[in-house]
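Engineer: Handing you a structure now.
The values are calculated or read from the model by the stated rules, or taken from the named source; none is laboratory data. Computed from a predicted structure; not experimentally measured. Don't worry about glycine lacking a Cβ; one is built from the backbone with ideal geometry, like all the others, and counts go over all protein chains shown.
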Amino acid sequence: MTSAASPGTDHSTDPYLPGHGNGGYRVLHYNLELDYRVPTNRLDGKAVITARAVQSLSRLTLDLGRTRVKEVRIDGRPAKFDHRPDKLRIRPERNIPYGTIFKIEIRYGGKPAPIRGRWGDIGWDELTDGALVASQPNGAPSWFPCNDRTDDKATFLVSVTAAAPYTVVVTGDLVTRRREAGMTTWVYERNEPTAPYLMGVQIGRYELLELAPGRIVQRAAIPPRVHTAFRHDFGRHGEIMAALEHLFGPYPFREYVVVITDDDLDDPIEAQGMAVFGRNHVDGRRTHERLVVHELAHQWFGNSLTVASWRHIWLNEGFATYAEWLWSGASGGRSAAAHAAQWHAWASAQPADIAIADPGVDRMFDPLVYKRGALTLHALRARMGDAAFFALVRSWVAEHRHSTVTTEEFRAHATRFTTRPLDDLFTAWLDRPALPPLPRTS
């Protein structure tokens with residue numbers, strides 16, 4: 001983002017992804033109208049972005065991948081633009097004053113392709129017969145123009161038109177579905193503030209069914225041929241939801257959707273109010289139930305509470321991993337303490353070369369971030385005691401609902417729930433690469 005007064009700010013404040021994100025404005029709402037043709041992988045879109053200027057703007061930028069921009073308007077007036085892969089630079093007809101709420105309208109189209117980088121292909125991707133979106137951490141610009149920052153959360157209205165045989169699932173609540181001339185338009189609304197990377201679109205020949213009864217709507221979209229195995233593997237989902245609500249507080253959204261693609265996936269995909277698994281994660285033996293728990297836990301830690309920058313990713317992955325251990329004990333399996341002992345032994349055999357409070361961009365998805373993050377929480381629980389620890393967690397979730405969080409905020413929050421010192425614990429577990437001893441628990 002640049003302005004007449006403050007040139008040179010067209011970059012993110014996140015040092016892990018300096019090429020993503022923009023300054024000078026905050027997005028309030030995205031309205032996306034998409035038309036997707038599965039056989040040709042053709043996506044045509046219109047994006048209307050409502051934003052507020054936080055400085056006077058003579059020009060601005062958005063993140064957008066390799067697609068052709070046809071037209072840009074600001075508040076209905078044509079705007080000059082230059083689009084090179086990954087950045088759309090826009091010069092409005094007149095300056096946008098500080099504090100002004102304005103609308104950017106962008107028409108674009110082409111063959112969407114995932115963004116290639118150190119984590120592989122991220123973003124909009126073709127399936128054998130359909131498409132999926134896996135945007136963490138930087139894939140959102142592969143399918144819509146956005147301010148690709150974790151800390152710029154906005155609401156969304158997304159309309160997707162596709163051939164009638166296909167089911168379209170978007171993160172959000174289904175508002176309407178219209179069928180006309182062999183095409184179906186699906187409209188979804190996401191009213192909770194959402195980071196761009198947490199928006200997902202899944203398109204396939206899916207069967208829609210109830211995942212579990214209860215206060216929270218839990219549903220699924222699956223290939224019909226995995227129906228029997230799916231019913232067994234996800235058969236305890238209602239119990240898992242109840243257990244996590246007991247531990248962390250009320251589920252933060254109105255519904256939860258599980259999608260099973262008809263392709264294999266290396267790892268499940270996290271989105272807001274949604275998790276996507278590959279058919280290889282459904283085997284009829286509940287082999288991957290821990291991943292089911294992990295992805296559901298992200299709805300609290302990662303989606304409702306979103307890290308302010310990727311440096312703090314242990315807050316997402318540590319909590320989701322610890323949720324696996326907690327469910328194991330609650331469901332009659334190995335206790336959290338037994339899991340902690342196992343993974344502490346594993347971590348002690350790894351090189352002590354990462355501080356999980358700031359693992360660096362190359363190591364942000366390192367297994368040590370996940371396991372040591374969970375071990376940090378287990379050590380904190382041992383220091384504080386169960387009553388104080390779980391009160392801390394539920395308060396952390398409630399007070400930061402639908403906002404962004406940092407490690408420093410979590411450390412400060414924890415001190416409110418105990419008179420015992422915590423600085424030494426956090427320093428040892430988060431700031432130093434050396435692995436501390438595993439504390440004993442009753």
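Engineer: Take the range 189-232 and flag every residue that is under 15 Å from A162 (Cα atoms) and either in contact with a Leu (Cβ under 6 Å, 6 or more places away or on another chain) or part of a helix (DSSP H, G or I) (or both).
Structural biologist: Across the range 189-232, the qualifying residue is only Q202.
Engineer: If I go through the range 44-65 residue by residue, how many of them are part of a loop (DSSP other than H, G, I, E, B) and without any contact (Cβ under 8 Å) to a residue 60 or more places away in the chain?
Structural biologist: Number satisfying all stated conditions: 4.
Engineer: Something else about it: If you check A131, A140, which single one turns out to be in contact with a Phe, Trp or Tyr (Cβ under 6 Å, 6 or more places away or on another chain) and not hydroxyl-bearing (S, T, Y)?
Structural biologist: A140
Engineer: Report whether or not E324 is of a type in the set (D, E), crowded, with 23+ Cβ neighbours inside 10 Å and not assigned by TED's automatic domain parsing to the domain that holds D14.
Structural biologist: Judged against the criteria, E324 is not a match.
Engineer: Under the condition of being touching a strand residue (DSSP E or B) at 6+ places or on another chain (Cβ under 6 Å) and among the charged types (D, E, K, R), which residue from the range 167-201 is farthest from A271 (Cα to Cα)?
Structural biologist: Taking the candidates together, the pick is R178.
Engineer: Scan the range 158-173 for residues that are surrounded by fewer than 18 Cβ atoms within 10 Å (Cβ to Cβ) and either in contact (Cβ under 8 Å) with a residue 60 or more places away in the chain or assigned to a strand (DSSP E or B) (or both) and jot them down.
Structural biologist: A163, D173
Engineer: Further question on the same structure: Looking at D14, D63, D10, D82 in this structure, which one is surrounded by 15 or more Cβ atoms within 10 Å (Cβ to Cβ), outside the structural domain of F365 (by TED's automatic domain parsing), charged (D, E, K, R) and at pLDDT 95 or above?
Structural biologist: Going through D14, D63, D10, D82 in turn, just one is surrounded by 15 or more Cβ atoms within 10 Å (Cβ to Cβ), outside the structural domain of F365 (by TED's automatic domain parsing), charged (D, E, K, R) and at pLDDT 95 or above: D63.
Engineer: Do the conditions hold for R89, that is, is it modelled with pLDDT of 95 or more and under 18 Å from Y36 (Cβ atoms)?
Structural biologist: No, not satisfied.
Engineer: When you go through (1) within 25 Å of W429 (Cα to Cα); (2) in contact with a Leu (Cβ under 7 Å, 6 or more places away or on another chain); (3) outside the structural domain of L377 (by TED's automatic domain parsing) one by one for E295, which number turns out not to apply?
Structural biologist: All conditions pass for E295, except number (2).
Engineer: Ok, one more. Need a quick list: helices (runs of 4 or more DSSP H) entirely within the range 366-442 having at least 3 residues that are touching a residue at least 12 places away in the same chain (Cβ under 8 Å) and within 24 Å of A271 (Cα to Cα).
Structural biologist: In the range 366-442, the matching helices (runs of 4 or more DSSP H) lie at 367-384, 386-399.
Engineer: Also, I was wondering about something else. Report, by residue number, each residue of the range 245-290 that is out of contact with any Phe, Trp or Tyr (no Cβ under 7 Å at 6 or more places or on another chain), in a helix (DSSP H, G or I) and farther than 16 Å from I203 by Cα.
Structural biologist: H246, N280, H281, E289, R290
Engineer: Within the range 365-387, can you find the residues that are farther than 25 Å from P421 by Cβ and surrounded by fewer than 21 Cβ atoms within 10 Å (Cβ to Cβ)?
Structural biologist: Across the range 365-387, the qualifying residues are F365, D366, P367.
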